[in-house]
Amino acid sequence: MADFSILQLVWFGLLGVLFIAYALLDGFDLGVGSCLPHFKNERSRRFALETVAPVWDGNEVWLLTAGGALFAAFPHVYASVFSGLYTALVLLLGMLIFRVLALELRDKIESASWRCFWDWSFCISSTMIALLLGVAVGNLVAGLPVDASGEIDAGFLGLLNLLEPIPLLSGLLAVCLLRLHGALFLMIRTGEAEIRFDLLLRLTKEFAATAIFYIALTAWIFVTAPSALHNFKEIPVIGIVPVAAALFLVATGIFIRLQTFRLAFAGTALTIVFLISTVGLGIFPNLVPAIPPENALTIADSASDKTLLVMLVVAILGIPLVLLYHFWVYRAFAPKKISR
């Protein structure tokens, strides 16, 4: 394996931390939005929206920060990704904008049909964001078509890669896991029996779907993509990370059955953490694994160490401030009584 500077390794890890933070925080927003039309009445849907409304915009800061960090720390990789996957990224941006419109415009007119339209808009945009991000992760596992000059030539259909099950299964797993994460977040924010009953039915279905897609994706990778397991074969000790992801998913199901919902929410959060960590460890030192493998974009395709050092100082000063902001917001908008 090629030599890399400490700063390049640090920024590979920091990018992972930023994407994990986004998946954990905006993940439950996306999950709530994806489940929204399934709530039986207006009161339940309004509760769901009012629960995420104060925090969703702050949660998206992590995605913007991750994109900015990729641009500054790994400019060549950023240029290749954003040019080669331009159509898919524009669609992702459109879904992010449409989700904002749904939240802002839903209650501007007192009309059931108007609210229904924006509820479904919020649902579809949230589901598409989760699907696209999951598909993108699946493509990192399967590899993207990269030419000798480092250019990605995938296009939108190439990104979806419907003939390759790994991206599709990864996208479906992301949708189901985030729906489960979002439903659990709502469950621990309400003590109302009617809403909790609806959510409990939702939790059972979403956990079953998550487990099915998790098993299918894992089995398919083992059978058809042994190259994705290379790092785990070379360094067996890191195999504890995917094992931990599986165990935390199982624990989530047990906690749901026991109706210990705060622990179940922690279970989905840790499942997300270890799944993303598994992908990071699997692709290292690549940022964009390639087909053919020798054209992969690695952490060596970075800015100068001087730039990385300046960015690291900014990150050390800025990330605690963002965390403090999140702590204040969640405390300020927490319900007076949180059920178990």
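Projected over every direction and averaged, the convex hull enclosing the alpha-carbon atoms of the chain yields 17.3 nm². Long hydrophobic helices in the chain: the complete DSSP H runs spanning 20 Å or more by Cα along their own axis with mean Kyte-Doolittle hydropathy of at least -0.5 are 6-35, 86-105, 112-142, 165-187, 193-224, 240-257, 261-283, 305-332.
Under the simplified labelling scheme, the residue 259-residue 324 pair shows an inter-label distance of 4.2 nm, with each label point 7 Å from Cα along Cα→Cβ.
Let me know the shape class of the stretch 186-340, please: from the alpha-carbon gyration tensor, a ≥ b ≥ c as square roots of the eigenvalues, rounded when a/c is under 1.5, otherwise prolate if a/b is greater than b/c, or oblate. Taking the square roots of the gyration eigenvalues as a ≥ b ≥ c, the stretch 186-340 is oblate. Here the label points at residue 300 and residue 82, each 7 Å from Cα along the C-beta direction, are separated by 2.5 nm in the simple model.
All of the numbers you see were taken from the coordinates with simple rules; none came from a lab. Bear in mind the structure is a predicted one, so any value in this text is a computation, not a measurement. Cβ atoms come from the backbone with ideal geometry, glycine included; neighbour counts cover every protein chain shown.
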